[in-house]
Amino acid sequence: MAERLWAHSARDGDRLRHDLADHLRGTAWRAGAFGEAFNAGSLATHCGLLHDVGKGSCEWQRGLIVAEGHGGRVGVPHKHAGTWLLDKQGFGIMSAVVFGHHGGLPDSVRLKQELRFADDDPLVAEAVQQVGQIVPEIHPPTQIALPPWLPEASNDDPYALDLLVRMVYSAVVDADFLDTEEHFAGAARPFHPVSAADLAERFDQGRQELLKNRPKSPIDGLRQDVYRQCLEAAQGPRGIYRIPAPTGSGKTLAAGGFAVCHAQRHRMKRVIVAVPFMSITEQNASVYRDLLEVEGGHPVVLEHHSGIDLDDGTANRRWQRLAAENWDAPFVVTTTIRLFESLFSHKPAAMRRVHRLAGSVIVLDEVQALPDRLLIPIVSALRSLTQWFGATVVLASATQPPFELLSPLRGTPIRDVIAEPKPLYKALNRVRYRWLLDPKPTMAQIAEQAAAEPQVLLVVNTTRDAARMHELVEGHRPALHLSTRMAAAHRRDTLDEIRRCLAEEEPIAVVSTQLVEAGVDLDFPAGFRAIASADSLQQAAGRVNRSGRLPYGLVTIFDPEDGNKAADMLYGAALEATRARFGAHCPPDDLDALQAYYKARFDFHNVEAAGWEIQQGRQAHDFPRVAELFRMIDEWTVPVAVRYGDTEKLDRILTHLRAGHPGAGAQLRALRPYLATLPRGAARKALEEGLATAVVGDLIEWLGDYHPHRGIDMTSPDPQELVF
């Protein structure tokens, strides 16, 4: 046996290999630091220490030398030894952390099979013996401390152990990636010097400066009162909070103010704001950067929405995973899809950021957009995060669903930040509704009516309808377009042009998918909305007379005779409940009617039963099955790099990503302005027809035509396409 054991091959350009003892201890140290956030530092440390014990076998070491010569993979499994040792030391299901640190968390049945195999594998015994000589602490003299809350949680919360495994797995995977990255990049990634607890004063000062430069609005006093109530509520204990505030009430700033003040009160390291659509992350991240970042200072706000699946594919796999986002920032803006699909994933690149949720303030903006069929596992996880993992969750929405009716939150205190929301909603009632449902108008008729308005927003349900409606409106007058088929920078430029036209009172018509509804700060005098769920109707109305400068704005709700019927499938029972309860007799901003609507919607969707299979999978520790069932979008979307803006810069980024060089994480962040999305089926068709080419993971580059207003003008082969 050689005098030293190695963990990784030499770095590019030199012959320095990564010492195995150093790697095990470096990973253990980082994992332990991450685990302290949920009182599992010792457990995470030990799992990190054992994760690569299998590399101690002679066969693996020889394989490393051979692979180093040709640049391939070692090809010798190394995960069984640490898995077997953890199990023999009595850690049970926690041994899945080591077994899955490269390929993903297994189900409990497979784990038992692999452990039986490891019992008779000579490589396992050899690796444990060899590594034990250089890292004797893999055999601890005393029992490793488990989280002190675990016995109580085991009796009170049947899903706490599932979440603990996920958290420890995330801590170990992130630590492994960071220690490996340090070796191959030649330098460690430093810990972020700023904590969310340090941001409260900076946020408040930034807000005051922002408001100085904004035009005065008749509802500024109401917005200030909402902000004040949020700051007062932030002094409360950790737990679940609810901000029921109507559109236009300054909810984005108020929720952010709550988050940083609550972090300051409890010395919490991180704020994570999750929103339903990518377009909102772009806007909100920009707002929060203006408030929180100082010139020449360390970046504070991290925007993460790309959705590139770095667990997908085989090329340059090491660099794909090292490049995966780990949310190492004090203020993170992401999407609810990224947040929850990471939490319920079983793959390493997606899950390396999950441990950052512990001890964080998690703001779920526009919570009404969470899918009904996944509400039970989602609210169950939120309860566990607040009860056992030191998090605070903020539920923010103008159309608050009554989540307290759902079984995981029954009996769990939910603190209302706004003491009396009804008077606030009444004071901020700024629109009147017109209903065109029977007879159903055609899209051409709606386009003609909308085109007659000097300034108008027209919202439809799918990208296909948006493209068609845009063509129809342009038959009468110039129009702008917003959808996820456009690159992020294209959407940003379009929003800037919309705001300029509105501010200067120039004529403007905009056709958009529902991405414009939540959190996008636009103020039209008139709006048209294709029939959708009641909460979506009210969100669309929030872009009309938003600042209250008119007595009332007019919102026309229409049911297009020739529209894409995907809306019926997209909204399902929510649309049926809307048709039954709202119309000329009852507007969608009636709070009592909204509560009855949500209850009927939950009952019709049988929400309790819908998420039960996922919950069963969590209890059975069937991590792959849970990940398979937990899909926030039925038709997955694929990130697409498009040639909009600085194409030379785009070429440099894509070349870097394809080559798999160190620093790919920074390149992925630089790629965001160029990203649009396509449904997976449409992306597959584009690849087959030569309209796109693969880059890395599931990221593709668009080679086809790009419309100057509508972006990628490709019809999805799937009639159930979504807009996310």
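Kindly flag which residue pairs out of K422/K565; K112/K599; K269/K599; K251/K649; K112/K347; K251/K347 have an alpha-carbon separation exceeding 31 Å in this structure.
Working: K422/K565 35 Å; K112/K599 43 Å; K269/K599 36 Å; K251/K649 36 Å; K112/K347 19 Å; K251/K347 34 Å.
Correct reply: K422/K565; K112/K599; K269/K599; K251/K649; K251/K347.
Take every DSSP beta bridge whose two residues both sit in the chain, then give the antiparallel share in percent to the nearest 5.
Values: 15 of 68 bridges.
Of the beta bridges lying entirely in the chain, close to 20 percent run antiparallel.
As a calculated quantity, the FRET efficiency between Q205 and A609 at R0 = 45 Å, using C-beta atoms, amounts to about 0.35.
Taking every alpha-carbon pair in region 433-592 and binning the separations at 5 Å intervals from zero gives 2, 9, 19, 24, 22, 14, 7, 2, 0 percent. Just to verify a number: FRET efficiency for E688 and A67, C-beta to C-beta distance, R0 = 30 Å, to 0.05? E between E688 and A67, to the nearest 0.05, is 0.35. For region 1-98, GluC sites (Glu not before Pro) are listed when DSSP marks them as loop and at most 13 other Cβ atoms sit within 10 Å of their Cβ; the list is E3. Extension gain, Q133-D290: 0.36 nm per intervening residue step, less the Cα-Cα distance, totals 51.1 nm. When you filter the GluC sites (Glu not before Pro) in region 481-572 for DSSP loop state and at most 14 other Cβ atoms inside 10 Å of their Cβ, you are left with E504, E505, E561. Working from label points 7 Å from Cα in the Cα-to-Cβ sense, the A659 to E497 distance is 3.6 nm.
For region 637-712, count all C-alpha to C-alpha pairs, find those more than 20 Å apart, and express that count as a whole percent of the total. Here the tail beyond 20 Å accounts for 26 percent of pairs.
Here's the picture: charge each Lys and Arg Cβ at +1 and each Asp and Glu Cβ at -1 in the chain, and of H709, W29, V287 the one pushed furthest to the positive end of that dipole is V287. Projecting the Cα atoms of G572, Q449, T513 onto the dipole axis of region 430-588, where Lys and Arg carry +1 and Asp and Glu carry -1 at the beta carbon, places G572 farthest toward the positive end. Potential lengthening of the chain between A33 and Q235 amounts to 70.0 nm, from the contour at 0.36 nm per residue minus the alpha-carbon distance. Using a simple spin-label model with pseudo-atoms 7 Å out from Cα toward Cβ, K426 and D225 lie 1.1 nm apart. Compared with the alpha-carbon gap, the fully stretched path from L150 to A185 is longer by 8.8 nm at 0.36 nm per residue.
So what does log10 I(q)/I(0) come out to for the chain at q = 0.08 Å⁻¹, using the Debye formula with one equal point on every Cα and no solvent? Each listed q maps to, in turn, -0.64. Computed from label points 7 Å out along Cα-Cβ, the spacing between D22 and R116 is 4.2 nm. The charge dipole of region 154-296, taken about its Cα centre with unit charges on the Cβ atoms of Lys, Arg (+1), Asp and Glu (-1) only, comes to about 720 debye.
Please sort by residue number the trypsin sites (Lys or Arg not before Pro) in region 132-208 whose DSSP state is loop and whose Cβ has at most 10 other Cβ atoms within 10 Å.
Numbers: sites: R166, R202, R207; in loops: none.
Sites meeting the loop and neighbour criteria: none at all.
Of all DSSP-defined beta bridges confined to region 430-588, some 5% are antiparallel rather than parallel. Shape annotation for region 6-185: C-alpha extents along the principal axes are 54, 36, 29 Å, from largest to smallest.
Please state the charge dipole magnitude for region 6-185, taken about the Cα centre, from unit charges on C-beta atoms (+1 on K and R, -1 on D and E), reported in debye and rounded to the nearest 20.
Numbers: 14 positive and 25 negative charges, 72 e Å.
In total the dipole reaches around 340 debye.
Every number here is computed from the coordinates shown, using simple stated rules; none is lab data. Please read all numbers here as calculations on a predicted model, not as lab measurements. Glycine gets a Cβ as well: all are built from the backbone with ideal geometry, and neighbour counts include every protein chain shown.
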